[in-house]
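Asker: What follows is a single structure, and I will ask about it in a moment.
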Amino acid sequence: MGPFFGVLLLGLSSISASLAAVRPGFNYGSDKVRGVNLGGWLVIEPWITPSLFDNTGDSRIIDEYTFGQYQDRAKAYRTLKAHWDSWITEADFRAIAAAGLNHVRLPIGYWAFDVSGGEPYVQGQLPYLDKAIAWAEKYGIKVIIDLHGKFVK
């Protein structure tokens, strides 16, 4: 078992309490999947959230890795927390359901579950993943969790 598999298991066990409350039933054989991507929330990317990167004033900050690497960690965390608090909210889940959508794709980085080997990623995403799952349950929306990251041997 490699380190990536261990991170995956750690991540899945971290959200198991939220998942226990979710009823996974969906008739994929006959019901139409109608969904939307919630990218840019728990994984930041400059093409989705350019202001997060531009506002640092540091041209070396080009991705989430360098976001934590080249600026004060407390400042990086405050910036990300403000973003996590506002980018997607319960009102968005209510609107998604009202629009007739029944699925959301929710990207999240492996670093939300495990940061090791001196990686500069900023953590704090897990409470928002839990909120998203609870909101989805409340509004009858299924969640596809898309674990992001690069595995290097």
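A short reminder: the numbers here are calculations on the coordinates, not readings from a lab. Note that the structure is a prediction, hence the values are computed from the model and not measured. Ideal geometry is used to build each Cβ from the backbone, glycine not excepted, and the neighbour counts take in all protein chains shown.
Asker: Run the numbers on region 55-153 and let me know its relative contact order in percent, using alpha-carbon pairs under 8 Å that are six or more apart.
Answerer: Computed over region 55-153, the figure is 34 percent.
Asker: Given H placed 1.01 Å from N in the peptide plane, which residues other than close sequence neighbours of ARG105 have an amide H under 5 Å from its amide H?
Answerer: Amide H to amide H, under 5 Å and 5 or more residues apart or across chains, ARG105 pairs with VAL36, ASN37, LEU38, ILE144.
Asker: Could you tell me, in Å, what Rg and Dmax come out for the Cα atoms of region 53-153?
Answerer: Computed over the Cα atoms of region 53-153, radius of gyration and Dmax are 15.4, 44 Å.
Asker: Hey, another quick one. How long is the gain from ALA98 to ASN27 if the chain were fully straight, where each residue apart is worth 0.36 nm and the alpha carbon distance is subtracted?
Answerer: My answer for the length gained is 23.6 nm.
Asker: Along region 100-106, what does the Karplus equation 6.51 cos²θ - 1.76 cosθ + 1.60 (θ = phi - 60°) give for ³J(HN,Hα), rounded to whole Hz, x for Gly and Pro?
Answerer: x, 7, 10, 9, 10, 9, 10
Asker: Projected onto the charge dipole of region 20-153 (+1 at Lys/Arg Cβ, -1 at Asp/Glu Cβ, origin at the Cα centre), which of PHE53, ALA98, GLY149 gives the Cα projection farthest towards the positive end?
Answerer: Looking along the dipole axis, the top candidate is ALA98.
Asker: Continuing with the same structure: If one puts a single equal scatterer on every Cα of region 21-98 and applies the Debye formula without solvent, what log₁₀ I(q)/I(0) results at q = 0.15, 0.22, 0.26 Å⁻¹?
Answerer: The computed values of log10 I(q)/I(0) come out as -0.66, -1.01, -1.28.
Asker: I want to check the label-to-label distance for LEU126 and ASN37. Put each point 7 Å from Cα in the C-beta direction and report it in nm to one decimal.
Answerer: Result for the modelled spin labels: 2.7 nm.
Asker: Give the long-range amide H neighbours of THR49: residues separated by 5 or more places, or on another chain, with amide H under 5 Å away, using H modelled in the peptide plane at 1.01 Å from N.
Answerer: Amide H neighbours of THR49: none.
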